[in-house]
Amino acid sequence: MVFVPASSGSRKRRWERTTMNVEHEINLLVEEIRRLGTKNADGQVSVKFGVLFADEKCANLFEALVGTLKAAKRRKIVTYQGELLLQGVHDNVDIMLLQD
């Protein structure tokens, strides 16, 4: 068996596909937050984590909802208290959409 290292071009394409997939997942997340959430007095949309987690459509869309939320939080698209959200324990945590 001969090992052939990946070219920098193939690594770049793989990185670009991964980045595009994350961006696509975040866009889907924003749509679902808008669908399930409500607007507050400031016009910002928010949804409880438990509502998002329990929604059947979201369950089918997101393989890793918590990971998608973390990626969106790092990009300052959403905000919520804490770092890691767990079903049951954090069901009442508000996930607020920062960009509309």
- Excluding residue 48 itself, calculate the net charge of residues whose Cβ lies under 12 Å from the Cβ of residue 48, where each Lys or Arg counts +1 and each Asp or Glu counts -1. -3
- Taking residue 57 as the anchor, which lysines have their alpha carbon closer than 16 Å to its alpha carbon, excluding any fewer than eight residues away along the same chain? 48
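Every number here is computed from the coordinates shown, using simple stated rules; none is lab data. Here the structure is a predicted model, which is why all the values come from computation and not from measurement. Here Cβ is always computed from backbone atoms with ideal geometry, including for glycine, and neighbour counts include all displayed protein chains.
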